[in-house]
Amino acid sequence: MYGDPAAMRKRAAQLQEQATDIRAMADRLVAQIESINWEGRAAADMRSRIHDRAAHLRDCAAQHETAAESLTKHVVEVERLKDAIDGIERKSSSLVADARTRIAQQRAQSESSGVTIDPDDTDRTLDQFVAPTSGHKDWLTVELPGL
């Protein structure tokens, strides 16, 4: 899931460029062999081999394109998950901070009035929350009241 999206996008572009170059090489090989004024069985065999090689090169180019497309899809998914993690992390931090503020206010009110005010279960749960490391994939499975 992790990785540098910019570096992955750059690599996908490189793969796409290589596919274009390989396909162009195949086209040049075929054009060169077809332009040679050579007849006979050996010429036909050579042309056949070059056409086979060109077909292999085109297959290689197609595989490069497939790899580039797969990497691009992966980058999109990584960015989507990173955005989701950031959103969950921000919302959780806000919920926890608000709960701790309410608990502190209740404690202050309890001390000044002499009447004990206990936090509700939601605030208690939020106050006890131990957050995963910032940006970690565990944020995707966090369950908190209010999320």
Checklist entry - If you go through region 92-107 one residue at a time, do you hit one that is under 30 Å from Ala24 (Cα atoms) and in contact (Cβ under 8 Å) with a residue 40 or more places away in the chain? => result no
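Being within 23 Å of Trp139 (Cβ to Cβ), without any contact (Cβ under 8 Å) to a residue 40 or more places away in the chain and within 31 Å of the chain's Cα centre (by Cα), is that true of even one residue in region 54-66?
Of region 54-66, the ones within 23 Å of Trp139 (Cβ to Cβ) are none.
Within region 54-66 (the criterion being within 23 Å of Trp139 (Cβ to Cβ), without any contact (Cβ under 8 Å) to a residue 40 or more places away in the chain and within 31 Å of the chain's Cα centre (by Cα)), the answer is no, since none of the residues qualifies.
Among the residues of region 10-46 satisfying the criterion of being of a type in the set (Val, Ile, Thr) and part of a helix (DSSP H, G or I), which is surrounded by the fewest Cβ atoms within 10 Å (Cβ to Cβ)?
Taking region 10-46 and keeping what is of a type in the set (Val, Ile, Thr), we get 20, 22, 30, 33, 36.
This time we only want the ones that are part of a helix (DSSP H, G or I), so: 20, 22, 30, 33.
Working: Thr20: 13, Ile22: 20, Val30: 18, Ile33: 18.
Among those that are of a type in the set (Val, Ile, Thr) and part of a helix (DSSP H, G or I), it is Thr20.
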Checklist outcome for this item: Considering residues that are in contact with a Gly (Cβ under 8 Å, 6 or more places away or on another chain), of a type outside the set (D, E, K, R) and within 30 Å of Asp123 (Cβ to Cβ), the number found within region 59-103 is 2
Checklist entry - Hey, among the residues in region 59-74 that are under 21 Å from Ala7 (Cβ atoms) and small (Gly, Ala, Ser), which one's surrounded by the most Cβ atoms within 10 Å (Cβ to Cβ)? => result Ala68
Checklist entry - Out of region 27-53, which residues are in contact (Cβ under 8 Å) with a residue 24 or more places away in the chain and out of contact with any His (no Cβ under 8 Å at 6 or more places or on another chain)? => result Asp27, Leu29, Arg53
Next on the checklist: Considering only residues that are part of a loop (DSSP other than H, G, I, E, B), surrounded by 10 or more Cβ atoms within 10 Å (Cβ to Cβ), under 26 Å from the mean Cα position of the chain (by Cα) and not aliphatic (A, V, I, L, M), which ones fall in region 113-147?
Outcome noted: Pro132, Ser134, Gly135, His136
Checklist entry - What number goes with the only condition from (1) of a type in the set (A, V, I, L, M); (2) surrounded by 11 or more Cβ atoms within 10 Å (Cβ to Cβ); (3) under 29 Å from Glu79 (Cβ atoms) that Ala7 does not pass? => result (2)
Next on the checklist: I'd like the residue in region 85-102 that is surrounded by 13 or more Cβ atoms within 10 Å (Cβ to Cβ) and within 17 Å of the chain's Cα centre (by Cα) and, out of all such residues, is farthest from His136 (Cα to Cα).
Outcome noted: Asp86
Next on the checklist: Contact list please: Cβ distance under 7 Å, first residue in region 135-147 and within 16 Å of Ser94 (Cβ to Cβ), second residue of a type in the set (Lys, Arg) and surrounded by 12 or more Cβ atoms within 10 Å (Cβ to Cβ), pairs at least six apart or on different chains.
Outcome noted: Leu147/Lys91
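Since every read-out is calculated from the coordinates, none of them should be taken as a lab result. Computed from a predicted model, the values in this text were never measured in an experiment. Backbone-built Cβ (ideal geometry, glycine too); neighbour counts: all protein chains shown.
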